[in-house]
Amino acid sequence: MLGLGNSICLSTVTDSGYVASYSWDFDGSDDHINLGQDSSIKPTTTNTSAGTGLSISLWVKKDDWNVTTAAGIFSCFQDSGGWGFRIGTRLTFDLRSASGTRTCQSNYKPFESASDVHYRSSGWQHFVATFDGRYVKMYINGALSSGTNTVDIGSDDNAIEYNTTSADKFTDVCIGMDPYRLTGGAGTAAIRDPFPGLINEVAMWDKALDADAVEEIFEAVNTSGAVLDLTKDSGDYDYSGDLIGLWRGNEGSGTTAEDEGGSNDGTMKNSLAFSSTIPS
């Protein structure tokens with residue numbers, strides 16, 4: 001199966017594609033999306049043998065990949081609790097389990113130039129992280145990241161842990177920043193390390209996607225902006241029944257980020273804009 005990572009794939013898109021019209025356009029200053037802190041998007045239970053745990057996936061296009069200032073992409077990590085994607089000198093994914101915090105990270109400046117193995121000429125990159133209670137894994141553009149791509153905790157069924165020592169530390173799940181303390185209850189996480197650029201198709205499952213499913217998602221993108229419809233099984237992707245959140249960024253107006261995979265609509269903060277530039 002060939003996709004835009006190498007050429008163009010139309011067959012998958014014809015059967016199970018979703019064509020977006022808009023992406024979110026984050027200014028890198030203060031806008032972001034707050035999804036709240038419902039337990040359905042902060043899963044804890046894992047079962048390594050059954051693959052139960054957490055996966056997150058999203059398409060990202062940074063304004064300038066060579067700027068290495070730290071920025072949160074999709075996160076609820078705070079004070080050694082939760083999980084989160086960040087980009088700076090490296091792409092990192094942190095996750096806190098019962099055995100402590102574990103970090104996957106790319107090599108240094110993974111998107112610095114077109115000669116880099118992971119760089120895509122469209123500027124859009126696809127990120128996935130998974131956890132099944134034992135293995136934390138990070139994928140870039142359909143493949144395990146170069147660098148520290150897998151962390152083996154060494155034992156099975158480690159629960160995901162969130163900081164719950166006080167209300168202001170039980171933080172929200174946010175897109176486009178790395179959330180900090182709550183300033184007035186749920187939905188009010190303070191801004192830290194905002195992201196400058198475009199984000200699209202943010203998804204979450206309560207299962208650990210396997211490598212074939214990750215590749216299927218990545219390879220389906222085409223130059224018309226069609227991506228795999230994650231609400232339907234297709235090819236090696238058979239996790240639609242495990243989807244617990246899907247925020248597509250396709251509203252085009254308003255201040256609500258609709259959850260098409262669950263029931264946790266997000267609130268777009270500080271005049272977050274839309275862009276007609278979509279994954280390609």
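The values are calculated or read from the model by the stated rules, or taken from the named source; none is laboratory data. The shown structure was predicted, so the numbers you read here are calculated from the model rather than taken from an experiment. Note that we place each Cβ from the backbone using ideal geometry, even for glycine, and neighbour counts take in every protein chain shown. The protein model used for the area step is the full one, side chains on, heavy atoms only, and it has no ligands, DNA or RNA in it. Shrake-Rupley method; radii C 1.70, N 1.55, O 1.52, S 1.80 Å.
Might you let me know whether region 31-50 holds any residue that is among the charged types (D, E, K, R), within 23 Å of GLU112 (Cβ to Cβ) and surrounded by 18 or more Cβ atoms within 10 Å (Cβ to Cβ)? Scanning region 31-50, I find no residue that is among the charged types (D, E, K, R), within 23 Å of GLU112 (Cβ to Cβ) and surrounded by 18 or more Cβ atoms within 10 Å (Cβ to Cβ), so the answer is no.
Are any residues in region 146-179 under 25 Å from TRP24 (Cα atoms) and touching a Ser or Thr at 6+ places or on another chain (Cβ under 7 Å), and if so, which ones? Result: CYS174, ASP178, PRO179.
Table: residues versus (1) closer than 26 Å to GLY142 by Cα; (2) at pLDDT 95 or above; (3) hydroxyl-bearing (Ser, Thr, Tyr); (4) in contact with a Pro (Cβ under 7 Å, 6 or more places away or on another chain).
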{"position": "PRO179", "(1), (2), (3), (4)": "no, no, no, no"}
{"position": "THR188", "(1), (2), (3), (4)": "no, no, yes, no"}
{"position": "ASP242", "(1), (2), (3), (4)": "yes, yes, no, no"}
{"position": "GLY245", "(1), (2), (3), (4)": "yes, yes, no, no"}
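The combined condition, being in contact with a helix residue (DSSP H, G or I) (Cβ under 9 Å, 6 or more places away or on another chain) and either of a type outside the set (Val, Ile, Thr) or within 20 Å of ARG102 (Cα to Cα) (or both), is not fulfilled by GLY176. In region 195-237, the qualifying residues are those that are open to solvent by 30 Å² or more (accessible area, probe 1.4 Å) and out of contact with any helix residue (DSSP H, G or I) (no Cβ under 7 Å at 6 or more places or on another chain), and the one that is modelled with the lowest pLDDT is THR223. Screening the candidates SER166, SER145 for the property of being over 21 Å from SER40 (Cβ atoms) and over 18 Å from the mean Cα position of the chain (by Cα) yields one hit, SER166. Out of PHE127, PHE111, one residue alone is assigned to a strand (DSSP E or B), aromatic (Phe, Trp, Tyr) and either within 24 Å of GLU215 (Cα to Cα) or in contact (Cβ under 8 Å) with a residue 60 or more places away in the chain (or both). It is PHE127. Scanning region 132-167 for residues that are touching a Phe, Trp or Tyr at 6+ places or on another chain (Cβ under 9 Å) and in contact (Cβ under 8 Å) with a residue 60 or more places away in the chain yields LYS137, TYR139, ASN141, GLY142, ALA143, ASN158, ILE160, TYR162, ASN163, THR164.
Take the conditions (1) open to solvent by 40 Å² or more (accessible area, probe 1.4 Å); (2) modelled with pLDDT of 95 or more; CYS174 misses just one of them, which is (1).
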